[in-house]
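The values are calculated or read from the model by the stated rules, or taken from the named source; none is laboratory data. Keep in mind that what you see is a predicted model, and the values were worked out from it rather than measured. Neighbour counts run over all protein chains shown; Cβ positions are idealised from the backbone, glycine included.
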Amino acid sequence: MTQDSAVEALVRSRIRGMRTALGWSLDDLAARCHMSPSTLSRIETGPRRIALDQLTSIARALGTTLDQLVESPDDEDVVIRPRHDPERGLTAWTLNRDSGPHGLTVAKIRVTEPVRHGAAELKVHPGRDWFTVLSGTLVLLLGERTVLVEAGQAAEFSTMIPHAFGAHDGPAEILGIFDPEGRRIHLHGPW
């Protein structure tokens, strides 16, 4: 089986699977994407090549995107692998592949190094950061303030205030939401 035919078989399977999961007959989906039921049947079963305009119409009718219909079936689209920055004592898992609304990124971060207290370590950028501590305690330097955020607590602050964070008395894990600038500042490194 060639790669093209493997992708087509996957797309056909996804169309049929999504249609049946929605409880729709061929007639139901055909009406929603303005095709004949026989054309749709031939698309699902394979004897007919799928034209891009047909695929677009089918995706729209199913409430999905072309990307979701043709995305790779390998484990790279499922497994999220950590990225390590040993110099900063960070391991991060970016949990959403595409930026969410307003370019937000969700990441789980394991922090093992204490915060560095030099002025060069404090960063400023437009926007806001949000995080909740999953385990351990995080030290948040926020301007002149030192804030301890413990497991089960959350923090939210303007990132126009100079800030940095680090572990307090052992590793800490956080779940953070970062805007594009926050992602660039906090999740940069040799990733």
If I ask for residues that are part of a loop (DSSP other than H, G, I, E, B) and without any contact (Cβ under 8 Å) to a residue 40 or more places away in the chain, which ones from the stretch 1-45 would you list? Met1, Thr2, Gly23, Trp24, Ser25, Cys33, His34, Met35, Ser36
Between a first residue in the stretch 150-163 that is at pLDDT below 90 and a second residue that is in a loop (DSSP other than H, G, I, E, B), which pairs have beta carbons less than 7 Å apart while being 6 or more apart in sequence or on different chains? Thr159/Val124; Thr159/His125; Thr159/Pro126; Thr159/Gly127
Which numbered condition Arg81 fails, given (1) closer than 30 Å to Gly176 by Cα; (2) at pLDDT below 80; (3) in a loop (DSSP other than H, G, I, E, B): (2)
Would you be able to tell me the number of residues in the stretch 105-124 that are modelled with pLDDT of 85 or more and either part of a loop (DSSP other than H, G, I, E, B) or in the same structural domain as Asp67 (by TED's automatic domain parsing) (or both)? 5
